[in-house]
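Enquirer: First the structure, which I've put down as structure tokens, then a few questions once you've had a look.
The values are calculated or read from the model by the stated rules, or taken from the named source; none is laboratory data. Every value quoted in this text rests on a predicted model; they were computed, and no experiment measured them. FYI the Cβ positions are ideal-geometry reconstructions off the backbone, even for glycines, and counts take in every protein chain you see.
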Amino acid sequence: MAFNRDNVISVKQQFAQKHELAVARAEQRTRELAERFPEIREIDQKLRKTASELFLLAAYPDREARFEKIRRDNLELMEKRRNFLLSRSLDPDYDSVHYECEKCEDTGYVGYQMCDCMRRALIAAGYASSGMGELLKEQNFSNFSLDYYKEDKENLARMRSNLETARAFAQNFSKAGGHLLMLGPTGLGKTHLSTAIAAEVLNQGYDVLYVSAVGLVADFQKERFGGTVSAAENESTSRYYEADLLIIDDLGTEVVNQFTLSVLYNLLNERMMRKQSMIINSNLNHRELKERYSDRIYSRLLGNCQILLFSGKDIRMQKIRGV
Ligand SMILES: [Zn+2]
């Protein structure tokens, strides 16, 4: 599992701030109570004293008996404090620390284990940094309907098999990895299935990045020819190499020249060598792919990807017509 590095840094910062804020709020309330009530001030002084006594316990041979006494004194003081606040019609927990997550006290960790709340925050951050935005909410496995393909038996069988392959790819992501090449005309569900896989893989805690082939090439061009390249822009192309799953949509719509061919080859080759998964979608067919790309890119794609073919009537058009 490899959450996006930048997300881990920012989520950890958010948790540290959340924890500090909760403690600071409680301390502020404690000070407020102490200012208002001399009785509370006195109890709190005694409580602090019992805490410092605990520190010194180890030095005494009769530490167990001493510990027991401190514990009893402490409980008594707490009870007294509680009753005092109640007698003034105040909430006895008025100045306790209120964490969003009591389990990890907003630190994100229970012992050495990451708390579920931090895992959820990292997954949400992964959704945001994937570049897929709203699509992830709209397109998933449960709303991928085979009804649109039912007119033609062959199409239906092909799409059923594509759906199964996509599901298995997502479910076994941690173990199997691999690459998918989805080929077929626009509007047949390639993006829908890619998004559905992305959501599942993000939920498993992986770093997913989605980009159109045009956007990908533009980013590398900016880095190479853009003159003054900021660190942030450099960072954006390194993510194409680092993400656990890279989804390249609409391969074939980008301009092809020596530069883009070399960028694409390096990226595909490097990721394939490192066994970092990709999903590549294209409207081109085999022949068009072969004509458009160099032999080495074509053979990389064919040799390393599981190929899913899409065929049938444009779903978007069917939806518009209400078929
Ligand atoms: Zn937690």
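Enquirer: So, restricting to helices (runs of 4 or more DSSP H) that lie completely within the stretch 61-141, which ones have at least 3 residues that are charged (D, E, K, R), away from the ligand (no atom under 16 Å from the Cβ) and over 42 Å from the mean Cα position of the chain (by Cα)?
Expert: Answer list for the stretch 61-141: 63-87.
Enquirer: Only one of E39, E35 is within 46 Å of the chain's Cα centre (by Cα), on the phi < 0 side of the Ramachandran plot and in a helix (DSSP H, G or I). Can you tell me which? Steps first, please.
Expert: Numbers: E39 fails: within 46 Å of the chain's Cα centre (by Cα).
None of the others qualify; the one that does is E35.
Enquirer: Also, I was wondering about something else. Filter the stretch 80-111 for residues that are over 19 Å from N7 (Cα atoms) and aromatic (F, W, Y); which is surrounded by the most Cβ atoms within 10 Å (Cβ to Cβ)?
Expert: Y99
Enquirer: Another one. Of the conditions (1) of a type in the set (S, T, Y); (2) within 16 Å of the ligand (Cβ to nearest atom); (3) in contact (Cβ under 8 Å) with a residue 12 or more places away in the chain, Y149 clears all except one; give me its number.
Expert: (2)
Enquirer: For the stretch 118-127, enumerate the residues that are of a type outside the set (K, R) and without any contact (Cβ under 8 Å) to a residue 60 or more places away in the chain.
Expert: Residue satisfying the conditions is A124 alone.
Enquirer: Would you be able to tell me the number of residues in the stretch 183-221 that are within 27 Å of Y148 (Cβ to Cβ), under 17 Å from the mean Cα position of the chain (by Cα) and of a type in the set (S, T, Y)?
Expert: Residues in the stretch 183-221 being within 27 Å of Y148 (Cβ to Cβ), under 17 Å from the mean Cα position of the chain (by Cα) and of a type in the set (S, T, Y): 3 in total.
Enquirer: Continuing with the same structure: For the subset of the stretch 30-44 comprising residues that are over 12 Å from F84 (Cα atoms) and touching a residue at least 60 places away in the same chain (Cβ under 8 Å), which member is surrounded by the most Cβ atoms within 10 Å (Cβ to Cβ)?
Expert: By that ranking, first place goes to T30.
Enquirer: Only one of these is surrounded by 12 or more Cβ atoms within 10 Å (Cβ to Cβ) and at pLDDT below 90: E151, E138, E134. Name it.
Expert: E151
Enquirer: While we're here: Could you check C115 against (1) surrounded by 11 or more Cβ atoms within 10 Å (Cβ to Cβ); (2) without any contact (Cβ under 8 Å) to a residue 40 or more places away in the chain; (3) more than 30 Å from G131 (Cβ to Cβ) and say which number it fails?
Expert: Failed condition: (3).
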